[in-house]
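Below you'll find the structure, written out as structure tokens, and then a few comments.
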Amino acid sequence: MAGTIQSLILTPPSIVTSPFPCRKTCCLFSRSLRINPPRRSISTLIISCKPSDEIHGSDLANGLNWTKTLMNFASNNFLPLALTSGVAFGLVNPTLGCLADKCNLSKFSTFGIFVVSGLTLRSDAIGAAVKAWPVGLFGLCSILFFTPYFSRIILLIPLQPQEFVTGLAIFSCMPTTLSSAVALTQLAGGNSALALAMTVLSNLLGILIIPFSISKFIAVGVGVYVPTAQLLKSLVLTLLVPLILGKVLRESSRGLANFVDHNRKLFSKINAVFLSLVPWMQVSRSRSLLMMVKPAAFIVAIGMGMLLHLGLLAFNALAIRSLSAISGGHKSIFSKKENAQAALLVASQKTLPVMVAVVQQLGSAFGESGLLVLPCVAAHLIQIVLDSFLANFWLRKELSSNTAKFRQASSGIGSCWSTRSHYQKTIGYS
């Protein structure tokens, strides 16, 4: 059909002799063509000749492709979308968030976060990380003892409202993320068993150490007294108990463990929903104060969160390189790329759920909870984005290195075959 239409439009009219006189008709036809010249292009004519069902079908297919692309984007970026949506809903309509806060929904969401975290924690790989125990020990010391010192530097920054600074200082005293660091370590090809071991141990020990870190680094700098024993008891009940409960449920039922492992994306989304409820309620409660904050102050707080993570990366990278030089250079266990990547990623990230739970237990001791949490939500997202770029860089570097080695090996094999054939020709073999 398309070829016929094209020949009809592009082929000049040929002179055809007919036995019947039709001069007047041809003249009228030619005049009508001159008066109303066709302005439709070939593609327009071809499309117009297509059945309407085919046109509507292609439109429907394009719509389905767009829907599938959006769904894939939402699935791959569920956590940042959930957190930003919670903050946005709290700012737009705080009524529901305030009502949920009065009903103590935040305690339920915190309990759910750590039950799900316990269900998803796999301990079978911890034994595989025993060989790299010096690296794991450094990672634990960096997470729980060294990096909290960054809070003193943060508290020196003059920024209003003061809660932005205090919130980031509290954030620097937290243990590592519950899943992001392990996932990025696995993506980069690092020692995921070591990363998992450091994650589990730092979160279990961190619940016991955080009250003392906050009392030492934050309360003294802000001038607030923190009841350490009461905070420790609250964190054990709200964090450690549900975490252990989820872990016991996982270990007691093999079928449940297999179901969780086969549906890890579903459970991570459930955890993200629970986590997004907390900033939604806290932002809703603090909306009146947040609307008074200048946008420039919030941008500065976001920049501080980025600098905090870059500072943690630089500190841990320098420490790992120094320990590698001290303990044997290239033969050191710290110089192994897989161990160094795991330690760098895990020791440089801070967890948001534990920080939110700590702020809830402290009440208004350090200021309005919504102002404390908001810059930490941004810092949490920033560290995941930056570390994903870092993991991708390591992965590309490894792939290029493997490709170069493969090409070198292939060229070596080719040269060996050429040498062998030349030798056979020399001695007379075909």
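The values are calculated or read from the model by the stated rules, or taken from the named source; none is laboratory data. Source: prediction; values computed, not measured. So basically every Cβ, Gly included, is an ideal-geometry build from the backbone, and we count neighbours across all protein chains shown. Keep in mind that these areas ignore ligands, DNA and RNA; they rest on the heavy atoms of the full protein, side chains included. Shrake-Rupley method; radii C 1.70, N 1.55, O 1.52, S 1.80 Å.
The table for this structure:
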quantity: Whole-percent carbon and sulfur share, accessible surface of the range 119-256, 1.4 Å; calculated: 69 percent
quantity: Shape call, the range 366-407: gyration tensor on alpha carbons, a/c limit 1.5; calculated: prolate
quantity: By average C-beta atoms within 10 angstrom, highest first, the peptides 254-266, 277-289; calculated: 277-289, 254-266
quantity: Full-stretch length increase - ALA296, VAL220 - with 0.36 nm per residue and alpha-carbon distance subtracted; calculated: 24.6 nm
quantity: Gyration tensor (alpha-carbon) shape descriptor, the range 125-271, a/c threshold 1.5; calculated: prolate
quantity: Hydrodynamic radius of the range 259-398 per Kirkwood, over alpha carbon pairs, in Å; calculated: 17.6 Å
quantity: 23 Å Cα-Cα threshold exceeded, pairs from LYS216/LYS350; LYS269/LYS294; LYS131/LYS216; LYS102/LYS294; LYS107/LYS294; LYS350/LYS397; calculated: LYS269/LYS294; LYS131/LYS216; LYS102/LYS294; LYS107/LYS294; LYS350/LYS397
quantity: Solvent-accessible heavy-atom area per residue, rounded to whole Å², over the range 268-374 at 1.4 Å; calculated: 42 Å²
quantity: Orientation-averaged projected area, Cα convex hull of the range 236-311 (nm²); calculated: 8.0 nm²
quantity: Accessible area per residue in Å² at 1.4 Å probe, computed on the range 152-234; calculated: 39 Å²
quantity: Chain lengthening between SER400 and ASN72 when straightened (0.36 nm per residue, less Cα-Cα); calculated: 115.3 nm
quantity: Accessible area of the range 321-394 belonging to carbon and sulfur atoms, whole % at 1.4 Å probe; calculated: 63 percent
